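Okay, structure first, notes after.
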Amino acid sequence: MLWLTWENLPNSQLSKPVTSLSDSEVLMLANTKMDGKQNQRISELQAKGKMTGLTEAESYELLAMLQIYQMGQLRKSEGLAEAVRRKLKTPLPG
């Protein structure tokens, strides 16, 4: 089982409101990506689930990883919105 981490984010960034982060912390948050090993593991579990099904432990692992991914995406979007508000980044097209 792969242990879930946010190695590229200091713990303080996970609990602080984005408005209280420094410009560099906001940019780091806006540019955050899931660890490559974690992303690969999600892909493996999804593929196995489609082909042969998952064990109970694998199902739990996939669910936990997807929840971590969703929380990370939400936090990243908050960072991106704050970076745009501070004019550190240009708005995404669309």
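Annotations for the structure displayed:
- All of Gly49, Gly53 fail the test of being over 25 Å from Val18 (Cβ atoms) and assigned to a helix (DSSP H, G or I), apart from Gly49.
- Tally of residues being among the hydroxyl-bearing types (Ser, Thr, Tyr), surrounded by fewer than 15 Cβ atoms within 10 Å (Cβ to Cβ) and assigned to a helix (DSSP H, G or I) across segment 68-94: 1
- Failed criterion for Met34 (all others in (1) surrounded by 13 or more Cβ atoms within 10 Å (Cβ to Cβ); (2) part of a helix (DSSP H, G or I) hold): (2)
- Note on segment 21-46: residues that are within 10 Å of Glu82 (Cβ to Cβ) and without any contact (Cβ under 8 Å) to a residue 60 or more places away in the chain amount to 3.
Laboratory data are not the source of any read-out in this text; all were calculated from the coordinates shown. Note that the structure is a prediction, hence the values are computed from the model and not measured. All Cβ positions, even for glycine, are placed from backbone atoms using ideal geometry, and neighbour counts span all protein chains on display.
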